[in-house]
Structure formats: C-alpha cells, structure tokens
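Derivation of every value follows stated rules applied to the coordinates shown; laboratory data play no part. Since this is a predicted model, take the numbers as computed values, not measurements. Heads up, the Cβs are rebuilt from the backbone with ideal geometry, glycines too, and the neighbour counts pull from every protein chain shown.
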Amino acid sequence: MVTGDKVLKISSEFCLKTHLMLMSGEQGEFADNMIERTPDGNLHINSYVWVSLIRRALMRIKDGESYAKEIGKYSPDKNLGVSPLWCESTFVKIPETDIFSGIKIDSKLGAASVGALYQKESVPAGLKVRLDFNYFGTIEKLEAFKNIISKAFWVIDQGIETIGSG
C-alpha cells in the first residue's frame, strides 16, 4: 500500500548472462515470464514481468517478505490499496535472435506429444536491458528499501530469480 509522499526512483542496467526466450503470445497461457517482440522488432519486457521478478527476489531475502507482500497479488479480503512499486516497460533493439527447435514431451506418456515439433526464438546473452522503477513511501521506508532492493538485485544477479522461459 502506498503510504507517504516521497518517491525513490531507481534505474538499473542488466546484462543477459544467458539467452532470453521470446514468446509470441499467439498460443498457450499467459505467464509472468512473458517476454515479447514488438511489431517493429524490439524486445518488450512489460512492467508486470519486472514487478514479478522483484517480488520473487524480495521473497527470498531476510526482511524482504514484508516488502514483497505489498507488491501485487493482494488478498481479496484485504484492502491494501495501491502497490508502492511501479515499474516501466522496457523496449530494446534486438541485434539478432537465435531459433531453437524442440519436441514437446507428454509428461504422462513420456513420449512426443501430438504436434510436438516447435520452435522458440531467443535473444542471445550479452544484450543490455534497463529497468526503471519508482518506489513510494516515507523517508524511513525508502531508506530501508534501498538496502533491501540491493539484496534483491544480488538474488537476480546470481540467477536465483530470472525472467524469460529459458
């Protein structure tokens, strides 16, 4: 819940350590790891993906759970108000992509599924992506959040929490 009248603006640049799977969005269910390509060929990481990543990273660190609980996924029986974390979507020019072919395996049968051949597109490692977000609160809350978010970024840097489905 947003309390306080101050805002902490954070901008961070990430460098992909592994490939980042792109999803077409044409089939399958929506997932919080959905990374897409825009019609003009840019990489699009929507704000929900970033919020989910930060929330999951916060859940993994000491004293991070209370911050994570304020970020989305509210209980329907509680009126927690507006999230204090607001992430911007990221758009990046993609210099090239890789195509991976695969065969979908039926988990019950342990054999290839009907229509099992598929291809996935990914952005190669090394691409730099920028995350810009605002965190709202009191001065005390913002000072504490600076320490907590640096720990959450460590969790992300270690690959413990990631974006993309590959």
How much length is gained on full extension from residue 15 to residue 143, taking 0.36 nm per residue of separation minus their Cα-Cα distance?
43.5 nm
Neighbourhood charge, 9 Å Cβ-Cβ cut-off, centred on residue 124 and excluding it, Lys, Arg +1 and Asp, Glu -1
-2
So which of 9/141; 17/120; 9/120; 93/146; 69/108; 62/146 end up more than 24 Å apart by C-alpha?
9/120; 93/146; 69/108
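Rounded, prolate or oblate: which fits segment 79-134, taking a ≥ b ≥ c as square roots of the Cα gyration tensor eigenvalues, rounded meaning a/c under 1.5, else prolate when a/b beats b/c?
In terms of gyration-tensor shape, oblate.
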